[in-house]
Structure formats: structure tokens, C-alpha cells
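The values are calculated or read from the model by the stated rules, or taken from the named source; none is laboratory data. Please read all numbers here as calculations on a predicted model, not as lab measurements. Every residue, glycine as well, gets a Cβ built from its backbone with ideal geometry; the counts of neighbours run over all protein chains shown.
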There are 2 protein chains.
Amino acid sequence: MQDIVKAVHSWMIDAGEQIKESLNREDLLIETKSGRKDLVTEMDKATQDYLIDQIMAYDPAAKILGEENGLDQLADLSGRVFIIDPIDGTMNFVLEKENFCIMIAIYEEGKGRFGFVYNVMKDEFLWGGPEIGVFNNGKEIKAPKNIALSEGLVGLNSPMLIHNRHHETDISDRSLGIRMTGCAGVELIALVKGQRAAYVSHLAPWDYAPGGVLLETLGLKMANISGEPLSLSGRELFVGGTPQAFDELMELMHQ
Amino acid sequence: MQDIVKAVHSWMIDAGEQIKESLNREDLLIETKSGRKDLVTEMDKATQDYLIDQIMAYDPAAKILGEENGLDQLADLSGRVFIIDPIDGTMNFVLEKENFCIMIAIYEEGKGRFGFVYNVMKDEFLWGGPEIGVFNNGKEIKAPKNIALSEGLVGLNSPMLIHNRHHETDISDRSLGIRMTGCAGVELIALVKGQRAAYVSHLAPWDYAPGGVLLETLGLKMANISGEPLSLSGRELFVGGTPQAFDELMELMHQ
């Protein structure tokens, strides 16, 4: 393992231990952000702070883009940027006490170099990048089969199916089924492992960047709804899938 | 553990080992039943046959109600009935290679006596009944909090949200989120563990009976869409939840 991969991996394992310990606490502080379904806990904030402390000790010149604590904007992507989601799937963390991920992406001069997605309670840790390949708990994984939409499952969320603004009901019909896990990390791991044909959701950079590096390393495709590269700035409609399912989605969603 | 609980538990662990071994096979025989999204594999059939062989050796007088091999109807529920779902979540078994369950319920004179739900790849095995309580991998679990719909997640499927025949979009709005796992066993375990406020789906007896025994043992509620006890005959619209969420669902779905 390269030094930087080894370092980030060990910080995330440590952060995971702290989160696991917090699961038994009755007094966890939970607040809402944009609405009653948008939660943040003290562990989201504490985990981000912990990861930033490690990053700053390792590379004081690095820039940070993160979900919590007012770090959700960057003027530009020059230099080395760490993109952090301390707890992806906070609703699951609170209500299910599982099915949430710690995620970090490392970008250099605007290009994804390494991605790390750690499903904490499942002890499933995927990491990788274009120079090293993709690993699942240390074991290298290959590109999944290039299946069509009709041959696989698709990750979506409930408002998308209800409002059907981009023909999501057609996606449901054509696929073999819809799955909703409430966690982008869980969905992106599933896509990387070949358990999904596609995943579509409104996502922020810290939701898609870490898993996105793994996707692209394995030849899977992702873009915004217009088919353009995701901008790492603000929330966008994320469309990701096998090359075949991705092309079908672009056609279906714009019919 | 009572003898019959110990026996069923050990058959299901054995069946799980056989299923795990089959996951690496490239030549698994997969067929469709009622349509292209309704799969059955040779492992569904082989697992049911294996379980029936064990049951018949243990209690030759027992009756069997099971998903596969033409055992999906029973004239009456007198005596001891084993209700079997050899692989609940066959689509997940085929496409995800996880998130499927082996499930057995034991009824005596029409009453649920024991339920067993085994999420094979997660090594999560819940069993119990009114005489013994409910256990998760051998550790007794208590009744989950009686949360309202607005305080929890709800398991639904994609066609229900799309067609909205019973105000499913209102359920989505009022809850904290929808989850779709593609496996009744996974959903019923989540309900029993307090990870859901409710679960609504079109289910057959082998889908709801095993988890249903656990639900009712812990004071959770289930019924068909009319609020009547599920009949153990044919597919019905299953509504299950905490007492509070269940009452809300009955009102919402009939508004």
C-alpha cells in the first residue's frame, strides 16, 4: 500500500471505532439541517474534525471539502484536495445503527486520485484509484460485467419515483428491481461490486467523489443528468452505472 | 433451547452453508416463474427439499406449506404445519449474492408457535415465539420502541410508490424515509429490531409467517389491508408496524 493510502485507511478505521462506540450512547446529540429528514449528529461533526486533524498533520497544505462545519465550498480544485463525508447515511446511522459509510476522496489538480468508502458496521472497506486498482478489504476486485438495465437492480430514492421528473418509473420497469438503501456509499459499493446496473440520486460532491473514483477506475460511468462531468460543486443529479446501463439511462431520462 | 428450536436452527444453518457454497458456481440454473422479475433457482428448490427431508424425519405427521415444488396450498391448518421459504429474496441471491433469508414458521392448530428468519450472508439469525421470546443470534431482544410513522423508516416496494393505490406517497412523506431491500425477511428483521416503523408489501404466507411470529411475540402488529388477520392462504397486502405506526397506516391507507 502507498503511504497515503495506508495513512487514510488507518484514520478511517480509527474513526469507525469511535463511531461504533457512540452507537450505544443514549444521549447522542441529533439536530436537523435543511428539514426534518436532513439530520446531523455530533458524531458527524466530531468525525470530520478528527479526520481533518489527521489530514492537516499529514499534509498542512491540503485543502478540505467536507459535508459538515462550513467546509462545503471550495474556491478551486488546485493542489491536493481531500473530500470528506464523515458519516454518509446519517439517517441510517441514527435509526438503523448500520448501513452508513465513512468516505474520503483525494483529488490532485482536479483529478480523482484515490477513493475510500468504508461501510463501518459491515466491516467492508473499498479503496483504490487509477494508479493502483480497486480493493475490497485488501483483495483486488475486477470490473463488474457490463450488464444492461434489464439485467440488473437500480438504486433510486422515493421522491424520484413519486415525482417521476426524469422517467424514473420507466427505469423501474425496465430494470430487474429498485433498491433504496438511504446511503450513497452503500449504493456505490454495490455498483462497484456488480450488484447494481445503475444508481441515480441527487448528490453532493462528498457523496459521489469517493465512490466515483472507484467507479471510473473500473470503467463504470458517471455524469450529471446532462451527461457532463460532475462539477464537485453543489448538489447535482448523479447518474452512474455500467457503460451499457449508463447509456440507456441517458436515453430514457431524456426521452 | 427447546428440542424443536434446536433442530430447526441446525437444519437452517446447514442449508445456509449449502447456499453459501453455491454462490461461487457459474452454472447455477435460474428460471423465471410468473414473469422476468420472478426468479427461482435450483438452490431454492434444493434447499426446500433438504428442509422437508429434515422435517419429515423429525415429524412424519407434519404438514408443509412452501414456496417451491407445488407445495404452496394447504387444505387446512390443523395439526403442526411448517411454512417454508427456502430463499426469500431470490433476486438478491442471484444479483447481490447477499440480502436473502432462509425462513421457517411452525404453526400448531392455526396458531404461530415459532418463527425463524436467517439472513445467511450477514450471519444474522432471529428466532422465537410466544412461549420463549425472541432471540438474535442467541441473545434475547426486547420489544422495539413504539415509534410513530413520522419517527421511523418504512419498507415499501417500487410498484406501490409508482401506482399509489393505497396512499403510499403519503406514507413516504410522513415517514423519515423509504427503504427497499427486496427481501421480506430483511424487512421483518429490521422491524423486529426497531430499525423500521412499518413495512407494507404484497406477500405470500411463507414471506410473512416466520417474521410474523416474531413481530407478534414482541407486541408489534400485522394484518391485511382490511385490518383482518392474515389468512396464510394466497398473496395478501401485508401491513406491519409498531402499534402506533400500524394504526396510522390503517388510517392513511383508507383515507
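Looking at segment B:159-172, can you tell me whether even one residue there is of a type in the set (D, E, K, R), surrounded by 19 or more Cβ atoms within 10 Å (Cβ to Cβ) and over 25 Å from A:Val40 (Cβ atoms)?
yes
For segment B:193-239, the set of residues classified as polar (S, T, N, Q) and at pLDDT 95 or above consists of B:Gln195, B:Ser201, B:Thr217, B:Asn224, B:Ser226, listed by residue number. Checking each residue in segment A:144-171 for being within 22 Å of the chain's Cα centre (by Cα), more than 21 Å from A:Glu216 (Cβ to Cβ) and at the interface with another protein chain (Cβ under 9 Å from one of its Cβ atoms) picks out A:Leu156, A:Asn157, A:Ser158, A:Pro159, A:Leu161, A:Glu168. For segment A:173-209, the candidate set comprises residues that are part of a loop (DSSP other than H, G, I, E, B) and among the polar types (S, T, N, Q); within that set, the residue that is farthest from the other protein chains (Cβ to nearest Cβ) is A:Ser175. Yes or no: A:Gly89 modelled with pLDDT under 95 and closer than 29 Å to B:Ser150 by Cα? When the stated conditions are applied, A:Gly89 does not pass them. Of all the listed residues (A:Phe116, A:Phe100, A:Phe125), the sole one being at negative phi, among the aromatic types (Phe, Trp, Tyr) and within 14 Å of chain B (Cβ to nearest Cβ) is A:Phe100. Against the test of being within 18 Å of the chain's Cα centre (by Cα) and more than 26 Å from A:Glu140 (Cα to Cα), the options A:Asp38, A:Asp49, A:Asp59 yield a single qualifying residue, A:Asp38.
Output the residues belonging to segment B:234-254 that are out of contact with any strand residue (DSSP E or B) (no Cβ under 9 Å at 6 or more places or on another chain) and either surrounded by 15 or more Cβ atoms within 10 Å (Cβ to Cβ) or within 20 Å of B:Ile83 (Cα to Cα) (or both). Matches in segment B:234-254: B:Gly234, B:Gln244, B:Leu252.
With respect to being in the same structural domain as A:Leu232 (by TED's automatic domain parsing) and hydrophobic (A, V, I, L, M, F, W, C), A:Cys101 falls outside the description. Of everything listed in (1) more than 14 Å from chain A (Cβ to nearest Cβ); (2) under 18 Å from the mean Cα position of the chain (by Cα), the single unmet condition for B:Gly138 is (2). Selection over segment A:191-214 of residues that are surrounded by 24 or more Cβ atoms within 10 Å (Cβ to Cβ) and under 16 Å from A:Asp88 (Cβ atoms) gives a count of 14. From the list A:Lys37, A:Lys45, the lone residue that is assigned to a helix (DSSP H, G or I), assigned by TED's automatic domain parsing to the domain that holds A:Val94, modelled with pLDDT under 95 and not aromatic (Phe, Trp, Tyr) is A:Lys45. Step by step: first the residues of segment A:94-115, then only those that are acidic (Asp, Glu) and either within 14 Å of the chain's Cα centre (by Cα) or farther than 19 Å from A:Ala190 by Cα (or both), then the one that is surrounded by the fewest Cβ atoms within 10 Å (Cβ to Cβ). Which residue is that? Of everything passing the filter in segment A:94-115, A:Glu109 is surrounded by the fewest Cβ atoms within 10 Å (Cβ to Cβ).
Scanning segment B:129-138 turns up no residue that is outside the structural domain of B:Lys111 (by TED's automatic domain parsing), touching a strand residue (DSSP E or B) at 6+ places or on another chain (Cβ under 9 Å) and surrounded by 21 or more Cβ atoms within 10 Å (Cβ to Cβ).
Taken over segment B:51-72, the criterion of being closer than 17 Å to B:Met12 by Cβ and aliphatic (A, V, I, L, M) is satisfied by B:Leu51, B:Ile52, B:Ile55, B:Met56, B:Ala57, B:Ala62, B:Ile64, B:Leu65. Can A:Leu65 be described as of a type outside the set (D, E, K, R), farther than 21 Å from A:Glu98 by Cβ and touching a strand residue (DSSP E or B) at 6+ places or on another chain (Cβ under 9 Å)? Yes.
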